[in-house]
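Asker: What follows is a structure written as structure tokens; I'll ask about it next.
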Amino acid sequence: MTTTRARSTPCSSATSGDSLDPAIVVERYGRLVSSICWRMTRDEDAAREAAQEVWLAVLKGLPDFRGESGLSTWIYTVARRVVGRYAQTRRTYSVRFLSAYFEADGEPRQPDDDDLDHRLWVRSMCDRCLSGMLQCLDPGVRLAYLLRDVAELEYDDVAQVLEVEPSAARRIVSRARRKLNRFLRGHCALADPAGACRCRMRRQVKAIDLPAEYARLRTTVRRARVFKESEQVLPPRDFWLEMSQTGA
């Protein structure tokens, strides 16, 4: 499938002050849209397809955007409609199932590639595990959590994207945090360096001292937000930009 490159046109939103130049919009939101698509599906092919569909809809609708909501709210609403369809076709796992999976015997083997950066591979494997943990949340709850703690939308904006009241958005995010934190405290040294990590990557994680890297980030965000921190230790991932550059 071919992609449509974002054309640069000098327009802006009079109400929000956000530039509507397609190139700037893609640059500003491309990575977060890709992250949401990936964490909602945990399938790279599905995430790429979803991100492409989101951006085709956004770029098509951008000339008609009138600023009745914030630009980011509108983009994430488009993303919700698209990625929600993909997420609904995927299974939601119980905490018990995920615990057994992450604690199973057998350390993942690094691919035989002399050019592969070992530290980057460990970070990427940990990110896959973190995205797997999110699958214990129903799709709507998972999206609410990502919008608040990864995209860092205000609760009013989260509520607008989800089409619920702000008080309901707060409850949904709070419930997601409690469930994830209970799971992370017992299974992930990145979220709780003092905890008893039992995942299959624990030896590799300890060898490169990845928990210390997350801890340093935590001093800047003031509280444990391991999914947001994971965005910062990995190279930027922007599916739309990659497809536009390769003409895939």
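The values are calculated or read from the model by the stated rules, or taken from the named source; none is laboratory data. What you are looking at is a predicted structure, and each value in this text was computed from that prediction instead of being measured. A quick note on method: Cβ atoms are made from the backbone with ideal geometry, for glycine too, and the neighbour counts reach across all protein chains shown.
Asker: Just one of Val158, Val205 is closer than 30 Å to Thr73 by Cα and either among the β-branched types (Val, Ile, Thr) or not in a helix (DSSP H, G or I) (or both); which is it?
Answerer: None of the others qualify; the one that does is Val158.
Asker: Note down all Cβ pairs under 9 Å where the first residue falls in segment 115-130 and is in a loop (DSSP other than H, G, I, E, B), the second is surrounded by fewer than 18 Cβ atoms within 10 Å (Cβ to Cβ), and they're at least six residues apart or on different chains.
Answerer: Correct list of pairs: Leu116/Gln110.
Asker: What is the number of the single condition among (1) modelled with pLDDT under 75; (2) out of contact with any Lys or Arg (no Cβ under 9 Å at 6 or more places or on another chain); (3) not in a helix (DSSP H, G or I) that Ala215 does not meet?
Answerer: Here Ala215 meets the rest and fails (3).
Asker: Further, regarding this structure: Scan segment 177-194 and give yes if some residue there is crowded, with 21+ Cβ neighbours inside 10 Å, touching a Lys or Arg at 6+ places or on another chain (Cβ under 9 Å), in contact (Cβ under 8 Å) with a residue 60 or more places away in the chain and assigned to a helix (DSSP H, G or I), otherwise no.
Answerer: yes
Asker: Collect the residues in segment 137-155 that are in a helix (DSSP H, G or I), of a type in the set (A, V, I, L, M, F, W, C) and surrounded by 21 or more Cβ atoms within 10 Å (Cβ to Cβ), keeping them in residue-number order.
Answerer: Leu143, Ala144, Leu146, Leu147
Asker: With respect to Ala100, determine if the residue is modelled with pLDDT of 75 or more, assigned to a helix (DSSP H, G or I) and out of contact with any strand residue (DSSP E or B) (no Cβ under 7 Å at 6 or more places or on another chain).
Answerer: No: the conditions fail for Ala100.
Asker: If I filter segment 228-246 for residues that are modelled with pLDDT under 70, out of contact with any Phe, Trp or Tyr (no Cβ under 7 Å at 6 or more places or on another chain), assigned to a loop (DSSP other than H, G, I, E, B) and surrounded by 15 or more Cβ atoms within 10 Å (Cβ to Cβ), do I get at least one hit?
Answerer: No, segment 228-246 has no match at all.
Asker: In segment 103-152, which residue that is among the hydroxyl-bearing types (Ser, Thr, Tyr) and within 23 Å of Ile75 (Cα to Cα) is modelled with the lowest pLDDT?
Answerer: Ser131
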